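Structure, as structure tokens:
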Amino acid sequence: NAGVMQNPRHLVRRRGQEARLRCSPMKGHSHVYWYRQLPEEGLKFMVYLQKENIIDESGMPKERFSAEFPKEGPSILRIQQVVRGDSAAYFCASSPKSSMNTEAFFGQGTRLTVV
Amino acid sequence: GENVEQHPSTLSVQEGDSAVIKCTYSDSASNYFPWYKQELGKRPQLIIDIRSNVGEKKDQRIAVTLNKTAKHFSLHITETQPEDSAVYFCAAWTGGGNKLTFGTGTQLKVEL
């Protein structure tokens, strides 16, 4: 079991460009969560997805950010027209079921730097 | 509410001493409380968890206690070692199970 896989590990974008972050959940996991971590801060929930469905996007900024988890392939977090304030580590986690009683495991994260 | 509060924000102990980190939560429906350890530049790693049907769980030098009535839970690390130095996050499932809400983290430093 390869664990939660995220790529790229590091991503540099110029202001105004688009950033695409990918997350493949653990085998057998169909629930994906995206978190953002600013330098020396905590983990802030962004969005929760199941295959082909966004379940909870209460933590997503209203503009420029979107997420998807297609039937085939990884989950994608997309940031359009990036700004310097988007620089952060973006972590993906997965769990095997929707429950308030289940473990969640994190990927290595993508460190986005906007220059 | 879906808040998880964590204290202290920083904790410095001498090697061999014990460390205690405390968290409170507000969502009464929460019933699973994991603790994650994050080393600098790395992913959060699950180190121990507790479910609401037990009051205490121990794994070698790490233990977690839960008081569901008071809505607080704590992490206890005994015989601390330098490799225990990291940021520790508590968490609780909130929002009907839609999200793990994290505490603000505790920077633990174990000094020689």
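So, in segment B:86-112, of the ones that are closer than 17 Å to B:S52 by Cβ and either modelled with pLDDT of 95 or more or crowded, with 21+ Cβ neighbours inside 10 Å (or both), which residue ends up farthest from the other protein chains (Cβ to nearest Cβ)? Explain how you work it out, then say what you get.
Here is the first cut: in segment B:86-112, the ones closer than 17 Å to B:S52 by Cβ are B:90-97, B:100-101.
Adding the requirement that they be either modelled with pLDDT of 95 or more or crowded, with 21+ Cβ neighbours inside 10 Å (or both) leaves B:90-94, B:97, B:100-101.
On the way: B:C90: 10, B:A91: 8, B:A92: 9, B:W93: 4, B:T94: 8, B:G97: 4, B:L100: 6, B:T101: 7 Å.
The extreme case among them is B:C90.
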Task: Within segment B:12-24, tally of residues that are within 25 Å of B:V54 (Cβ to Cβ) and over 12 Å from the mean Cα position of the chain (by Cα) - done: 1
Task: Options A:S58, A:S94, A:S66: the member that is free of Cβ contacts under 8 Å to residues at least 24 places away in the same chain and part of a strand (DSSP E or B) - done: A:S66
Open item on the list: I need a count of the residues in segment B:20-46 that are of a type in the set (A, V, I, L, M) and surrounded by 19 or more Cβ atoms within 10 Å (Cβ to Cβ).
Closed with: 1
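Does A:F65 meet the test of being in contact with a Leu (Cβ under 7 Å, 6 or more places away or on another chain) and either more than 24 Å from B:F89 (Cα to Cα) or within 14 Å of chain B (Cβ to nearest Cβ) (or both)?
Working: in contact with a Leu (Cβ under 7 Å, 6 or more places away or on another chain): no; either more than 24 Å from B:F89 (Cα to Cα) or within 14 Å of chain B (Cβ to nearest Cβ) (or both): yes.
When the stated conditions are applied, A:F65 does not pass them.
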TODO: Could you tell me whether any residue of segment B:92-100 is touching a strand residue (DSSP E or B) at 6+ places or on another chain (Cβ under 7 Å) and part of a loop (DSSP other than H, G, I, E, B)?
DONE: yes
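Keeping to segment A:40-55, report how many residues are assigned to a loop (DSSP other than H, G, I, E, B) and within 21 Å of A:K97 (Cα to Cα).
Here is the first cut: in segment A:40-55, the ones assigned to a loop (DSSP other than H, G, I, E, B) are A:40-42, A:51-52.
Pick out the ones that are also within 21 Å of A:K97 (Cα to Cα) and you get A:51-52.
Residues in segment A:40-55 being assigned to a loop (DSSP other than H, G, I, E, B) and within 21 Å of A:K97 (Cα to Cα): 2 in total.
The values are calculated or read from the model by the stated rules, or taken from the named source; none is laboratory data. Just so we're clear, the structure is a prediction, and the values are computed from it rather than from any experiment. Here the Cβ is made from the backbone with ideal geometry for all residues, glycine too, and neighbour counts use every protein chain on show.
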